[in-house]
Amino acid sequence: MNVSEKLISGHIQQDSHAGKDELALAIDQTLTQDATGTLVMLEFESMELPRVRTELSAQYVDHNLIQEDYRNPDDHRFLLDACRKFGLWYSPPGNGVSHPLHMERFGKPGKTLLGSDSHTPAAGAMGMLAMGAGGLEVAFAMAGEPYRLQKPEIWGIELEGSLPDWVSAKDVVLELLRRHGVDGGNGRILEYHGPGLAGLTAMDRHVIANMGTELGAVTTVFPSDRQTRQFLAEQGREADWMELSADEDARYDHEEHLDLSRLEPLIACPSSPGNVVPVSKVEGQDLYQAYVGSSANPGFSDFAIAALMVEGRRIPADISFDVNPTSRQILENLAAEGYLGRLIRAGARIHQAGCNGCIGMGQAPASGQNSLRTTPRNFPGRSGTREDSVFLCSPETATASALNGRITDPRRMKMDYPGRPRPKLNQVNDEMLVPPLEESEAGKIRIRRGPNIKPLPEFDQLPDRIRGPVLLKMGDDISTDEILPAGARVLPYRSNIEAISRFAFDQVDEEFHDRAAGLEGGDFIVVAGRNYGQGSSREHAALAPRYLGLRAVLAVTIARIHRQNLINFGIVPLTLENAEDLDRISQGDVVEIHDIRSVVEDGRESVGLTAGEQGHELQARLVLSDQERRILLHGGMVNWGKSRS
């Protein structure tokens, strides 16, 4: 077996709800962050269970750190109380980004991890089966339920050679995005193997596994080997290491070869992670901002190399050089070894340990100006500036460009490559983590709620038919950031669905909410092209439109996590049998989906519908597992869960 098959086979559960091509996996650990975690805690609380039933669950406050008013701090307090009551670890604001923190303190080879953040697969860097999912599925996993997913294909990527000077792990995953685009990994687990692995540290692998999400992959998996052991030893957790590798005769459903020694510095141009070219192709363009950090480049070396590059130099005054330490521990080690001082002297702006500008929480670029970032995504407007121009690149490229004041291939630097130093004596800091209370003490906790925390809305069951207008028609690769934006303007309302629904599709059509609120019948559908709902796992991108009246999505293809979120909130995810039929549907057309309830009840995959005044007859597909049919018929996962109690 390969590593992925070993991880899956070790966690398969017999489950009467799983279909023949569906896996039911036992979940050892869960991860939640504050942008999604408040909803997860409300969902778990509604199950009326006294305590989580996983080996370990952890809640991180890393996204919504800006405290402009009471809303974010009220939610932080709510999350702390919920963790103490229900038996989760709690990481407070400023302690760091969930993904590198989880690797530092809790990740274990051989374990499964389900997270309400689409970049949870980063933990695959250390031999875990780590997957992103909607918050409802994570809440059910916290309750001891298996996680169900369609059996994935395993894509083996053989690495050989070693990275040249000025080329880093970010360029490895950007090369795969250049080859395959943002949907090339749909339905697949990416598993790396081969001799080239020997030169990639655990945090190098984290970079690659994190951004496997941008390929649409189910997850990314690396073996647990000498590099994994060294990382755990540096964290004082060598006892948690176990070897995990593919058998010599292991096979893969798809195979690919990548020679690391032939790579060059790459960059993803605005506004898609799949729009990748060599840095040399865009070299010389003006620059406003360069940004180092985020869950996609979170390691000590990512900051240390930037510090060595700027030593004795000065960032131009008109360039914003933003440095975002990803954990308090990394910040301490950078300070202890003098790297932080080098960055400060060169003119870097040092921010608190957290997601920050990656999720649009501050650090927005100036309008019409280029921003180079080591973040995983550059979807339109995600930075906080509506008409932004964000490029994705390595720390080497970002720092070289900051020094020169324009986009620069780092190989042009008039200096020797400084390498990627590791900490000489890693200072471990887990003192800010709040451990779970004993169950006898947890029962005494009263959860405090601010006025912005509202109960979950209730929805009805799937009707016999769906009839409503096409309220919005969109193109390909619409991201969840465009469906329900992130950022400081929107995310403070994450625990108030009525309020956050006002921003639904705001990035695409500023008048969408008002048009939805003004519908007489209430129900509507939206239409899109390929890869609808790519990106973040945030279930608000399904829940907020459902609150406004969305009953079905009709698209050419729908991204995996968003498709499941649609089902979880009772929205029918339809895909056109003939992609050319997309041209026969216009915004404003009234669509009727015939006998939809009986279609779902009978398990039929073909769905008939009519559209427009001419009554165009169209065919769509609705492929559901037995479990998904039950959830959809009940009007969502919450209703289905209540029906079982």
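The values are calculated or read from the model by the stated rules, or taken from the named source; none is laboratory data. Please read these numbers as outputs of a predicted model, since none were measured by experiment. All Cβ positions, even for glycine, are placed from backbone atoms using ideal geometry, and neighbour counts span all protein chains on display.
Would the stretch 393-405 turn up any residue that is closer than 26 Å to residue 68 by Cα and touching a helix residue (DSSP H, G or I) at 6+ places or on another chain (Cβ under 7 Å)? So far as the stretch 393-405 goes, no, none of its residues is closer than 26 Å to residue 68 by Cα and touching a helix residue (DSSP H, G or I) at 6+ places or on another chain (Cβ under 7 Å).
Give 123, 130 a once-over and let me know the one that is outside the structural domain of residue 358 (by TED's automatic domain parsing), of a type in the set (Gly, Ala, Ser) and part of a helix (DSSP H, G or I).
Going through 123, 130 in turn, just one is outside the structural domain of residue 358 (by TED's automatic domain parsing), of a type in the set (Gly, Ala, Ser) and part of a helix (DSSP H, G or I): 123.
Of the residues in the stretch 539-546, at least one is among the aliphatic types (A, V, I, L, M), more than 18 Å from the chain's Cα centre (by Cα) and under 18 Å from residue 508 (Cα atoms). Considering only residues of the stretch 439-490 that are of a type in the set (Val, Ile, Thr) and in a helix (DSSP H, G or I), which is nearest to residue 516 (Cα to Cα)? In this case the residue turns out to be 483.
Taking the stated definitions as given, is residue 538 farther than 23 Å from residue 633 by Cβ, in contact (Cβ under 8 Å) with a residue 12 or more places away in the chain and crowded, with 23+ Cβ neighbours inside 10 Å? Here the answer is yes, as residue 538 does meet what is asked. Would a scan of the stretch 98-118 turn up a residue that is aromatic (Phe, Trp, Tyr), outside any helix (DSSP H, G or I), modelled with pLDDT of 95 or more and touching a helix residue (DSSP H, G or I) at 6+ places or on another chain (Cβ under 8 Å)? No, the stretch 98-118 contains no residue that is aromatic (Phe, Trp, Tyr), outside any helix (DSSP H, G or I), modelled with pLDDT of 95 or more and touching a helix residue (DSSP H, G or I) at 6+ places or on another chain (Cβ under 8 Å). Restricting attention to the stretch 559-573, the residues that are crowded, with 24+ Cβ neighbours inside 10 Å and without any contact (Cβ under 8 Å) to a residue 60 or more places away in the chain add up to 3. When the stretch 390-423 is filtered for residues that are surrounded by fewer than 20 Cβ atoms within 10 Å (Cβ to Cβ) and farther than 14 Å from residue 310 by Cβ, the ones remaining, listed by number, are 406, 411, 412, 416, 417, 419, 421, 422, 423.
Where strands (runs of 3 or more DSSP E) fall entirely within the stretch 491-601, those with at least 1 residues that are under 30 Å from residue 115 (Cα atoms) and out of contact with any helix residue (DSSP H, G or I) (no Cβ under 6 Å at 6 or more places or on another chain) are at 524-528, 550-555, 572-576.
Listed residues 238, 248; which is out of contact with any strand residue (DSSP E or B) (no Cβ under 6 Å at 6 or more places or on another chain), exposed (fewer than 14 other Cβ atoms within 10 Å of the Cβ) and under 18 Å from residue 111 (Cβ atoms)?
Details: 248 fails: under 18 Å from residue 111 (Cβ atoms).
Going through 238, 248 in turn, the sole match is 238.
Do we find that residue 133 is crowded, with 22+ Cβ neighbours inside 10 Å and either more than 30 Å from residue 40 (Cα to Cα) or in contact with a Cys (Cβ under 9 Å, 6 or more places away or on another chain) (or both) in this structure? Before the answer, list the steps.
Values: crowded, with 22+ Cβ neighbours inside 10 Å: yes; either more than 30 Å from residue 40 (Cα to Cα) or in contact with a Cys (Cβ under 9 Å, 6 or more places away or on another chain) (or both): no.
The answer is no for residue 133.
Can residue 118 be described as touching a residue at least 60 places away in the same chain (Cβ under 8 Å), polar (S, T, N, Q) and in contact with a strand residue (DSSP E or B) (Cβ under 7 Å, 6 or more places away or on another chain)? Yes, satisfied.
If you check 127, 134, which single one turns out to be at pLDDT below 95 and more than 29 Å from residue 280 (Cα to Cα)? Steps first, answer last, please.
Working: 127 fails: at pLDDT below 95.
Unique residue meeting the criteria: 134.
Let's see how each residue does on (1) in the same structural domain as residue 587 (by TED's automatic domain parsing); (2) in contact with a Ser or Thr (Cβ under 7 Å, 6 or more places away or on another chain):
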residue	(1), (2)
458	no, no
475	yes, no
495	yes, yes
517	yes, no
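Across the stretch 79-104, the number of residues qualifying as closer than 22 Å to residue 361 by Cβ and aromatic (Phe, Trp, Tyr) comes to 1. Kindly indicate whether any position in the stretch 489-496 is within 30 Å of residue 363 (Cβ to Cβ) and β-branched (Val, Ile, Thr). Looking through the stretch 489-496, at least one residue is within 30 Å of residue 363 (Cβ to Cβ) and β-branched (Val, Ile, Thr).
Based on what the data block shows, is residue 422 part of a helix (DSSP H, G or I) and outside the structural domain of residue 67 (by TED's automatic domain parsing)? Explain how you work it out, then say what you get.
Working: part of a helix (DSSP H, G or I): no; outside the structural domain of residue 67 (by TED's automatic domain parsing): yes.
Criteria not met by residue 422.
Here is the figure for the stretch 31-90: residues that are among the β-branched types (Val, Ile, Thr) and either free of Cβ contacts under 8 Å to residues at least 24 places away in the same chain or touching a strand residue (DSSP E or B) at 6+ places or on another chain (Cβ under 6 Å) (or both) total 3.
Criterion first (over 17 Å from residue 394 (Cα atoms), basic (Lys, Arg) and surrounded by fewer than 19 Cβ atoms within 10 Å (Cβ to Cβ)) does residue 345 satisfy it? Steps first, please.
On the way: over 17 Å from residue 394 (Cα atoms): yes; basic (Lys, Arg): yes; surrounded by fewer than 19 Cβ atoms within 10 Å (Cβ to Cβ): yes.
Criteria met by residue 345.
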